[in-house]
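For reference, the structure discussed in these notes is given below.
Each value in this text was obtained by applying a stated rule to the coordinates, not by laboratory testing. Everything quoted here is computed from the prediction, not taken from an experiment. Here the Cβ positions follow ideal geometry from the backbone for every residue, glycine too, while neighbour counts run over all protein chains shown.
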Amino acid sequence: MTVLDAYAVIAYLRGGEAASGQVRELLRAPTVLSAVNAAEVIDQLVRIDGNDPDEVEIRLATLEVGGMMIAPATHSQAVAAGSLRARHYNRRTCAVSLADCFAAATALDHGGSLATSDPHLSALVQAEAGTVHYLPEVSG
């Protein structure tokens, strides 16, 4: 099972990102996206890209119908994400957001690999004995 960070889903939905093809392949197998990261996807695609919020919601729902599970942000996930950020965050050397930590906590909880291009998030997951599926960074 692969857990997707927000960038992975954004790359796929935008279609022109360097990682979109790899994410398309990952979506053929069981994948998970944290509900917090789903909120990030909506924020980016609506606020930054100017997409219609209803259209973005439909596109996420289509991914769910295709087999991607959106994992709820439970109390235990919140505790795990907060603990991860408290232990690992450093403004200069490990600038991970709380949403990043939800992706990490979801991957660690599900025993899956985290698909991300973020080197700080990758380092955090590996420090916690998790595995990472490296995606290429944002295009041009």
TODO: Kindly indicate whether V65 is farther than 23 Å from G16 by Cβ, free of Cβ contacts under 8 Å to residues at least 40 places away in the same chain and touching a Lys or Arg at 6+ places or on another chain (Cβ under 8 Å).
DONE: no
TODO: Answer yes if at least one residue in the range 36-45 is touching a Ser or Thr at 6+ places or on another chain (Cβ under 8 Å), of a type outside the set (F, W, Y) and surrounded by fewer than 20 Cβ atoms within 10 Å (Cβ to Cβ), and no otherwise.
DONE: no
TODO: State whether the residues of the range 55-62 include one that is more than 24 Å from P119 (Cα to Cα) and touching a Leu at 6+ places or on another chain (Cβ under 6 Å).
DONE: yes
Open item on the list: A61 - would you say it is of a type outside the set (D, E), closer than 21 Å to S122 by Cα and out of contact with any His (no Cβ under 6 Å at 6 or more places or on another chain)?
Closed with: no
TODO: Filter the helices (runs of 4 or more DSSP H) completely within the range 36-119 down to those with at least 3 residues that are more than 15 Å from the chain's Cα centre (by Cα).
DONE: 53-65, 75-88
Open item on the list: List pairs: first residue in the range 76-99 and within 12 Å of L124 (Cα to Cα), second residue of a type in the set (V, I, T) anywhere in the structure, Cβ distance under 6 angstrom, at least six positions apart or on different chains.
Closed with: Y89/V96
TODO: Assess whether V9 counts as being buried (at least 21 other Cβ atoms within 10 Å of the Cβ), touching a residue at least 60 places away in the same chain (Cβ under 8 Å), in contact with a helix residue (DSSP H, G or I) (Cβ under 9 Å, 6 or more places away or on another chain) and not in a loop (DSSP other than H, G, I, E, B).
DONE: no
Open item on the list: Which condition from (1) under 16 Å from Y134 (Cβ atoms); (2) touching a helix residue (DSSP H, G or I) at 6+ places or on another chain (Cβ under 6 Å); (3) surrounded by fewer than 22 Cβ atoms within 10 Å (Cβ to Cβ); (4) of a type outside the set (G, A, S) is the one that E17 breaks?
Closed with: (3)
Open item on the list: If I filter the range 82-90 for residues that are among the aromatic types (F, W, Y) and either under 21 Å from A11 (Cα atoms) or surrounded by 20 or more Cβ atoms within 10 Å (Cβ to Cβ) (or both), do I get at least one hit?
Closed with: no
Open item on the list: Please go through the range 100-136 and give me each residue that is of a type in the set (A, V, I, L, M, F, W, C), over 11 Å from D5 (Cβ atoms), free of Cβ contacts under 8 Å to residues at least 40 places away in the same chain and surrounded by 15 or more Cβ atoms within 10 Å (Cβ to Cβ), ordered by number.
Closed with: L108, A123
